[in-house]
Amino acid sequence: MIINQGLSNRSESGNGQEPAKIERRTLFGGVLAALLLSSGRVMAEEDDRGVKNPFILLLRGLYQPVNVGQGPAHNLGLSSVDLSDGSYSRTLIYPVFGIPESTDQDRPIGKFYVQFGGKLCAYDLPDGALAMSFNSKPTGAPPGFNGFVPFPDGTGGNYLEGTFELMILEATGIYQAFQGGHNHMVDRLHKLANGSFDEFCFCNISQYQFP
């Protein structure tokens, strides 16, 4: 997820605040409906182990750097990413829809890893993991498609808003059927005045391939 146009110098430390005045439960209904419609499905499917297709996650919280050699054990069983190479930062994952036995939306269920200067990311989830790659921004794409549009937050920082399309490179455990599938992100990333970044991003993860 490359952040350019003067926004690439990110500091991963410092104390920030929650995204200003975003009420999660107020947003949930509208965002869930929009994400489900974007997948072209009226009803979600379910595999034998209970994972919905699509399922929806929320990435939320301050990013922290993952130092060299400090990635998760066994690299989450993934081969297309190296989460200990020092290029990743991480935040928390919360369940929204479709994850079996994860009904408490205020309790994190995993960690999200992303390259701010690259195109790879990974999801550490219950009973499996996913590795993905951000699609390139196509020529002539409108602002906010596979890229961010900044909006001042009034306190010296910016909200960075946009949607992103990702390809699922690897899927392990109960998510194996999603390999080769697609992730549609709706992101509102808060760059705080102190240089840290606070995430608020819905992820609609489906088995179908993006056209």
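The values are calculated or read from the model by the stated rules, or taken from the named source; none is laboratory data. Predicted model, so just to flag it, every value in this text is computed and none were measured. So basically every Cβ, Gly included, is an ideal-geometry build from the backbone, and we count neighbours across all protein chains shown.
Could you tell me whether any residue of region 118-125 is touching a residue at least 12 places away in the same chain (Cβ under 8 Å), touching a Phe, Trp or Tyr at 6+ places or on another chain (Cβ under 6 Å) and assigned to a loop (DSSP other than H, G, I, E, B)? Within region 118-125, one or more residues are touching a residue at least 12 places away in the same chain (Cβ under 8 Å), touching a Phe, Trp or Tyr at 6+ places or on another chain (Cβ under 6 Å) and assigned to a loop (DSSP other than H, G, I, E, B).
Against the list (1) closer than 20 Å to Ile2 by Cα; (2) free of Cβ contacts under 8 Å to residues at least 12 places away in the same chain; (3) more than 18 Å from the chain's Cα centre (by Cα), the condition Asp82 fails is (3).
For every residue, the table says whether it meets (1) under 14 Å from Gly98 (Cβ atoms); (2) surrounded by fewer than 18 Cβ atoms within 10 Å (Cβ to Cβ).
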| position | (1), (2) |
| --- | --- |
| Ala171 | no, no |
| Gly180 | no, yes |
| Arg188 | no, no |
| Lys191 | no, no |
| Gly195 | no, yes |
| Asp198 | no, no |
| Cys201 | no, no |
| Asn204 | yes, no |
| Gln209 | no, yes |
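Taking the conditions (1) assigned to a strand (DSSP E or B); (2) more than 24 Å from Gly98 (Cβ to Cβ); (3) in contact (Cβ under 8 Å) with a residue 12 or more places away in the chain in turn, Leu166 satisfies each one other than (2).
When Val96 is tested against (1) modelled with pLDDT under 50; (2) surrounded by 13 or more Cβ atoms within 10 Å (Cβ to Cβ); (3) not polar (S, T, N, Q), exactly one condition is not met: (1). Restricting Pro142, Pro138 to residues that are farther than 22 Å from Gln64 by Cα and at pLDDT below 95 narrows the list to Pro138.
Among the residues of region 85-117, those that are polar (S, T, N, Q) and either farther than 21 Å from Asn67 by Cβ or more than 15 Å from the chain's Cα centre (by Cα) (or both) comprise Ser87, Ser102, Thr103, Gln105.
For region 150-163, which residues satisfy the criterion of being outside any loop (DSSP other than H, G, I, E, B) and either more than 17 Å from Phe202 (Cβ to Cβ) or of a type outside the set (A, V, I, L, M, F, W, C) (or both)? Once the filter is applied, which keeps residues that are outside any loop (DSSP other than H, G, I, E, B) and either more than 17 Å from Phe202 (Cβ to Cβ) or of a type outside the set (A, V, I, L, M, F, W, C) (or both), region 150-163 yields Pro150, Phe151, Pro152, Asn158, Tyr159, Glu161, Gly162, Thr163.
When Ala171, Ala141, Ala131 are checked against the criterion of being free of Cβ contacts under 8 Å to residues at least 60 places away in the same chain, under 15 Å from Ser89 (Cα atoms) and of a type outside the set (Lys, Arg), Ala131 stands alone in meeting it.
Total residues in region 169-194 satisfying the condition of being small (Gly, Ala, Ser) and either assigned to a strand (DSSP E or B) or touching a Phe, Trp or Tyr at 6+ places or on another chain (Cβ under 8 Å) (or both): the figure is 2.
So, in region 53-63, of the ones that are under 12 Å from the mean Cα position of the chain (by Cα) and of a type in the set (A, V, I, L, M), which residue ends up surrounded by the most Cβ atoms within 10 Å (Cβ to Cβ)? Per the criteria, the residue is Leu57. When you scan region 141-149, do you find a residue that is out of contact with any Ser or Thr (no Cβ under 8 Å at 6 or more places or on another chain) and assigned to a strand (DSSP E or B), even just one? Scanning region 141-149 turns up at least one residue that is out of contact with any Ser or Thr (no Cβ under 8 Å at 6 or more places or on another chain) and assigned to a strand (DSSP E or B).
Can you name the residue in region 64-79 that is outside any loop (DSSP other than H, G, I, E, B) and touching a residue at least 24 places away in the same chain (Cβ under 8 Å) and, of all such residues, is surrounded by the fewest Cβ atoms within 10 Å (Cβ to Cβ)? The residue in question is Gly77.
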